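Engineer: Next up is a structure, given as structure tokens.
The values are calculated or read from the model by the stated rules, or taken from the named source; none is laboratory data. A quick note: this is a predicted structure, and the numbers were derived from the prediction, not measured. Don't worry about glycine lacking a Cβ; one is built from the backbone with ideal geometry, like all the others, and counts go over all protein chains shown. For the accessible areas, the whole protein counts, side chains as well, though only heavy atoms, and no ligand, DNA or RNA atoms are used. Shrake-Rupley method; radii C 1.70, N 1.55, O 1.52, S 1.80 Å.
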Amino acid sequence: MIVLDKISKKFKNKTVLSDISLKIGEGEIIGFLGPNGAGKTTTMRIIVGYLKPSSGTVEINEQDPIKHRLSVLNQIGYLPENNPLYYDMKVDEYLQFVVDIKNSTGDFLKSIIEETGINDVLSSKIEELSRGYKQRVGLAATLIGNPKIIIFDEPTSGLDPLEQEKIRDLIKKLGKRRTVILSTHMLSEVADVATRVVVINKGKITYDGPKPKTDAGIEALFKKATS
Amino acid sequence: MSKIWVLARKEINFYLNNPLGYIVAAIFAVFSNFLFMKDIFLRGNTSLRPFFDFIPWVLMIFIPALAMRIFSEEKRTQTIELLLSLPIEEKRIVMGKYFGTFVYSLIALALTLSIPITVNYLGRVSLAEVIVSYFGVICLIGLFLAISIWFSSMTKNQIVAFLASILVLFLTIAASGDFFAPILPRALLEIINIFTPLYHYNTFLKGIIDLRSLIYFFSVSLFFIYITVVNLKDRQ
């Protein structure tokens, strides 16, 4: 269970998040929608403990991600915006690095590699990969350690439509066994993957409820919630 | 496997497989050897003192060149967010990167062993003095690295980290000499001198392992590593 209670965040004099409250239950797939600059990434960073809220509290399974950083991060797989990777490493080296940092046994590594379709590029340097493959490598690393909570921040940004569809299919498969938060500004992603929609605009949550049944419904909801 | 070692190994592999690493090490080794060897026959003796006298000035450039990317590059490429979202404490991240770069620095330092080996072939060198002097160089590397890593953690810009480190290291080296003699009273200079790295480094060059110097190097290095950890935690 993820609980955000009256979270606010200020950077110098600018208020980026204002009074965000959210409860995410086990097994939910949340589509976290908002225009650019709405506060989606800041919210994701606060959930994983990378940033500290200016006020309010965060709990991941009753643990504060700042005070119990290691324990919380062992439960979370996080794919940051822009998918930062160590370009100087080979794919297998990078995955092994993540396995070692997460103290994972590496038992599931083979199935993760199969699931994300990166078998053919294991011995390639990450810098040589296409954008789509880089995204898959980032995804694979996120799944190491079999985390119960997965957070994706704009996972299909910059990908071609075919790759976007493949990544979404992967996310849908993952969501069957885990709690997933998908932060995105793409309505189609939410339509395809999420079971619940949260819309954030100018640092405030403007909608939190079930996903509309149609794409047009999602579009109308988004327009209303961001107007 | 220890997480500190995982990170250290990653850093060592980076330097071993990247032009930055082996070019900087090669320049360091070639430059050090050249500076010593160019006058060896003019000196007419087998003292290694000139090498150990100029090596701090060479390290003043070499160590910041290695260390400038440690955190600056992570901040620039945003891999710092990736690293800090993995279950590893900030102090272990800093220690891992510090040890990895430290080990690589020792590999580069080992390339200067050609100097005492060559001199020993031409004449006789005191093995004990060489060992203790190299130990002093290792302590100096540890301290310079801790300072340079801290500057790297302060900025996204590697060049700024590099130049700031060099400036501070230059001032600490110069403070032990007569650089500030025209502007500061002698008594104050002597007090400042005690707190400079070269003052303690020079005890090793006399063939003495002074506990006070060991404590100096260890505590100042630890201080800069500590404030680097604080800096990393202060990202919020």
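Engineer: Which numbered condition in (1) touching a Gly at 6+ places or on another chain (Cβ under 9 Å); (2) more than 8 Å from every other protein chain (Cβ to nearest Cβ); (3) open to solvent by less than 10 Å² (accessible area, probe 1.4 Å); (4) over 17 Å from residue A:46 (Cα atoms) is the only one that residue A:91 fails?
Structural biologist: (1)
Engineer: May I ask you to say which residue of B:195, B:223 is within 20 Å of residue B:56 (Cα to Cα) and open to solvent by 40 Å² or more (accessible area, probe 1.4 Å)?
Structural biologist: Numbers: B:223 fails: within 20 Å of residue B:56 (Cα to Cα).
The unique qualifying residue is B:195.
Engineer: Something else: Across region A:190-227, what is the total count of residues that are part of a loop (DSSP other than H, G, I, E, B), of a type outside the set (Val, Ile, Thr) and open to solvent by less than 80 Å² (accessible area, probe 1.4 Å)?
Structural biologist: Let us first name the residues in region A:190-227 that are part of a loop (DSSP other than H, G, I, E, B), namely A:194-195, A:202-203, A:211-214, A:226-227.
This time we only want the ones that are of a type outside the set (Val, Ile, Thr), so: A:194, A:202-203, A:211-213, A:227.
Retained after the next criterion (residues that are open to solvent by less than 80 Å² (accessible area, probe 1.4 Å)): A:194, A:203, A:211-212.
Result for region A:190-227: 4.
Engineer: Hey, could you check region A:164-177 for residues that are within 13 Å of residue A:195 (Cα to Cα) and open to solvent by less than 20 Å² (accessible area, probe 1.4 Å) and say which is farthest from the chain's Cα centre (by Cα)?
Structural biologist: So, considering only residues that are within 13 Å of residue A:195 (Cα to Cα) and open to solvent by less than 20 Å² (accessible area, probe 1.4 Å), the one farthest from the chain's Cα centre (by Cα) is A:175.
Engineer: Just name the residue that is farthest from the chain's Cα centre (by Cα) out of those in region A:75-88 that are open to solvent by 20 Å² or more (accessible area, probe 1.4 Å) and under 16 Å from residue B:82 (Cβ atoms).
Structural biologist: It comes out as A:88.
Engineer: Any chance region B:100-107 includes a residue that's at pLDDT 95 or above and small (Gly, Ala, Ser)?
Structural biologist: Scanning region B:100-107 turns up at least one residue that is at pLDDT 95 or above and small (Gly, Ala, Ser).
Engineer: Moving to a separate point now. I'm checking my understanding of the structure. Among residues of region A:94-108 that are more than 21 Å from residue B:94 (Cα to Cα) and open to solvent by 30 Å² or more (accessible area, probe 1.4 Å), which one is nearest to the other protein chains (Cβ to nearest Cβ)?
Structural biologist: My answer is A:104.
Engineer: Whether any residue in region B:90-98 is within 14 Å of chain A (Cβ to nearest Cβ) and touching a Pro at 6+ places or on another chain (Cβ under 6 Å) is what I want to check.
Structural biologist: Looking only at region B:90-98, we keep the residues that are within 14 Å of chain A (Cβ to nearest Cβ), and these are B:90-93, B:95-97.
Narrowing further to those that are touching a Pro at 6+ places or on another chain (Cβ under 6 Å): none.
No, because not a single residue in region B:90-98 is within 14 Å of chain A (Cβ to nearest Cβ) and touching a Pro at 6+ places or on another chain (Cβ under 6 Å).
Engineer: Identify all residues within region B:36-52 that are assigned to a helix (DSSP H, G or I) and touching a residue at least 24 places away in the same chain (Cβ under 8 Å); write none if there are none. Full working, then the answer.
Structural biologist: Here is the first cut: in region B:36-52, the residues assigned to a helix (DSSP H, G or I) are B:36-37, B:40-43, B:49-52.
Across region B:36-52, the qualifying residues are B:36, B:37, B:40, B:49, B:51, B:52.
Engineer: From B:10, B:38, grab the single residue that is within 20 Å of the chain's Cα centre (by Cα) and not hydrophobic (A, V, I, L, M, F, W, C).
Structural biologist: Every option except B:10 fails the conditions.
Engineer: Within region A:134-144, can one find any residue that is in contact (Cβ under 8 Å) with a residue 60 or more places away in the chain and part of a loop (DSSP other than H, G, I, E, B)?
Structural biologist: Among the residues of region A:134-144, at least one is in contact (Cβ under 8 Å) with a residue 60 or more places away in the chain and part of a loop (DSSP other than H, G, I, E, B), which makes the answer yes.
Engineer: Of everything in region B:75-125, what is polar (S, T, N, Q), in a helix (DSSP H, G or I) and surrounded by 19 or more Cβ atoms within 10 Å (Cβ to Cβ)? Give them in sequence order.
Structural biologist: Within region B:75-125, the subset polar (S, T, N, Q) is B:77-79, B:85, B:101, B:105, B:112, B:114, B:118, B:120.
Adding the requirement that they be in a helix (DSSP H, G or I) leaves B:77, B:79, B:101, B:105, B:112, B:114, B:118, B:120.
B:101, B:105, B:112 - these are the residues of region B:75-125 that are polar (S, T, N, Q), in a helix (DSSP H, G or I) and surrounded by 19 or more Cβ atoms within 10 Å (Cβ to Cβ).
Engineer: Looking only at residues that are more than 16 Å from residue A:124 (Cβ to Cβ) and among the hydroxyl-bearing types (Ser, Thr, Tyr) in region A:62-88, which one is farthest from the other protein chains (Cβ to nearest Cβ)?
Structural biologist: A:71
Engineer: Of B:5, B:57, which residue is open to solvent by 40 Å² or more (accessible area, probe 1.4 Å), at negative phi, within 13 Å of another protein chain (Cβ to nearest Cβ) and touching a residue at least 24 places away in the same chain (Cβ under 8 Å)?
Structural biologist: One residue alone meets the criteria, B:5.
Engineer: Condition check: out of contact with any Lys or Arg (no Cβ under 6 Å at 6 or more places or on another chain), at negative phi and assigned to a loop (DSSP other than H, G, I, E, B). Does residue B:149 satisfy that?
Structural biologist: no
Engineer: What do you reckon, is residue B:135 closer than 30 Å to residue A:144 by Cα and more than 14 Å from chain A (Cβ to nearest Cβ)? Spell out the reasoning first.
Structural biologist: Values: closer than 30 Å to residue A:144 by Cα: no; more than 14 Å from chain A (Cβ to nearest Cβ): yes.
For residue B:135, the condition - closer than 30 Å to residue A:144 by Cα and more than 14 Å from chain A (Cβ to nearest Cβ) - is not met.
Engineer: Let me ask you something else. Which members of region B:12-31 meet the condition of being within 10 Å of another protein chain (Cβ to nearest Cβ) and over 15 Å from residue B:70 (Cα atoms)?
Structural biologist: B:17
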